[in-house]
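Read the structure below first, then the notes.
What follows draws every value from the coordinates through simple rules; no lab data is involved. Being a predicted model, the structure only gives us computed values, none of them experimental. As a convention, Cβ positions derive from the backbone with ideal geometry for all residues, glycine included, and neighbour counts pool all protein chains shown.
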Amino acid sequence: MGMKDGGFERKTKASSTIPSSSMADIAFLLLIFFMVTTVFQNERERPIQWPSAAATEQIDEKRDNILYVWLERNGDIWINDRLVPMQDVAAVVGPQWMQSGQRLIISLRADALVPYRFVDLVQEQLKRSGAVYVVFATDLERRMTVER
Amino acid sequence: MAIMNKKSKVSDEIPSASMADIAFLLLIFFLVTTVFPRDSGLRVVLPEEAEEVEVSQRNVLHLQVQPSGVVVVRYGDSEDEQQMTPSQIESVWRSEVAQNPNLIAAVKTHPDAAHEHMISVLDALQLAGAERISLQLLEET
């Protein structure tokens with residue numbers, strides 16, 4: 001090891017600057033990644049408290065085939081940024097169910113503390129509209145005790 | 001024609017020096033606007049409307065979710081009831097379904113019970129592998 005003079009006097013042959021010629025390539029790579037993965041949010045999220053469940057699973061379905069039904073704590077229902085009266089839910093969901101080729105998945109985003117009577121009414125409306133694939137939106141609950 | 005013979009002094013190449021800047025601009029735009037979708041939850045399939053199925057009481061496990069979050073468990077036609085927390089249901093279901101593979105979980109939730117109590121019961125049932133689950137509203141007596 002040529003460590004004479006403590007190694008301070010040694011002339012280094014490696015460039016001390018970060019090569020910038022590939023920076024544009026890196027930028028383009030990231031750009032393409034984000035262009036491909038971006039999904040523009042077409043509706044605003046409602047402020048709800050998410051219930052959590054350990055059996056939460058990911059929904060593998062095209063974004064177009066998922067309809068969000070927001071149910072707030074006071075029983076208000078929001079679909080596509082519109083306040084929908086309870087008795088009109090079936091009329092709103094029904095056409096979308098037919099349009100999707102009967103593949104529509106309803107993501108029911110209900111507040112954790114909403115009384116169940118409202119959840120039941122929404123389910124009755126969804127049954128009437130024909131949309132039978134329902135997901136109770138939850139956050140994944142991470143349990144402290146892990147089964148081994 | 002004089003115009004045709006004129007030597008153009010304008011470069012016919014697209015300037016590439018600013019390409020990286022344009023790329024970065026777009027990159028930052030997409031970085032800021034990207035929202036990764038979080039579509040997750042508990043799947044259920046609702047019954048078709050007016051689809052009433054007669055089920056023998058022997059094959060039903062009644063789970064009544066009370067407003068307090070306590071679950072009253074009653075097996076089929078028997079009279080004795082057990083109170084338990086949602087976390088206990090998973091093991092109860094496993095032991096009951098081992099004796100009767102045709103068992104159906106009837107989750108009856110009180111109208112005033114919070115949605116999260118029903119979710120925690122549904123969660124326990126799905127963790128235990130239950131597939132035949134019926135969600136109902138508990139009739140007030």
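The table that follows gives values for the structure above.
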| read-out | value |
| --- | --- |
| Dipole magnitude (debye, nearest 20) for region B:18-122, charges at Cβ of Lys, Arg, Asp, Glu | 440 debye |
| Neighbouring partner chain Cβ atoms per residue of B:122-128, average, 10 Å criterion | 4 |
| Over region B:18-87, relative contact order from alpha-carbon pairs under 8 Å, at least 6 apart, % | 17 percent |
| Mean ellipticity per residue at 222 nm, deg cm²/dmol - from DSSP H runs of n ≥ 4 across chain B, formula -39500 (n - 2.57) | -10000 deg cm²/dmol |
| Inter-label distance, nm, simple model (7 Å from Cα along the C-beta direction), residue A:60/residue B:56 | 3.8 nm |
| Shape of region B:49-141, Cα gyration tensor, a/c cut at 1.5 | rounded |
| Computed lengthening from residue B:9 to residue B:81, 0.36 nm per intervening residue step minus Cα-Cα distance | 16.5 nm |
| Per-residue Cβ neighbour rank within 10 angstrom, fewest leading, B:115, B:110 | B:110, B:115 |
| Student exercise, region A:67-110 dipole from Lys, Arg, Asp, Glu Cβ charges, in Debye to nearest 20 | 160 debye |
| Order by protection proxy (mean Cβ within 10 Å, highest first), peptides B:126-135, A:126-135 | A:126-135, B:126-135 |
| Shielding by partners, peptide A:126-132 (average Cβ within 10 angstrom, other chains) | 3 |
| Region A:48-148: GluC sites (Glu not before Pro) falling in loop per DSSP and having at most 13 other Cβ within 10 Å | A:147 |
| Cα-centre dipole for region A:25-109 with unit charges at Cβ (Lys and Arg positive, Asp and Glu negative), debye to 20 | 140 debye |
| Where chymotrypsin sites (Phe, Trp or Tyr not before Pro) fall in DSSP loop in region A:10-75, at most 10 other Cβ within 10 Å | A:40 |
| Average other protein chain Cβ within 10 Å of Cβ, residues B:108-114 | 5 |
| Neighbour-count ranking [beta-carbon atoms within 10 angstrom, fewest first] of B:40, B:120, B:16 | B:16, B:40, B:120 |
| Gyration tensor verdict on chain A (Cα atoms; rounded if a/c is under 1.5, prolate if a/b is larger than b/c, oblate otherwise) | prolate |
| Neighbour-count order for A:62, B:9, fewest beta carbons within 10 angstrom listed first | B:9, A:62 |
| Estimated distance in nm for a label pair at residue A:139 and residue B:25, the labels positioned 7 Å out from Cα along Cα-to-Cβ | 3.9 nm |
| Folded to 0 to 90 degrees: helix B:19-33 orientation relative to chain B principal axis, Cα | 20 degrees |
| Gain upon complete extension [residue B:45, residue B:100; 0.36 nm per residue less C-alpha separation] | 17.6 nm |
| With Cα atoms, 0 to 90° folded angle of helix A:89-99 axis to chain A main axis | 60 degrees |
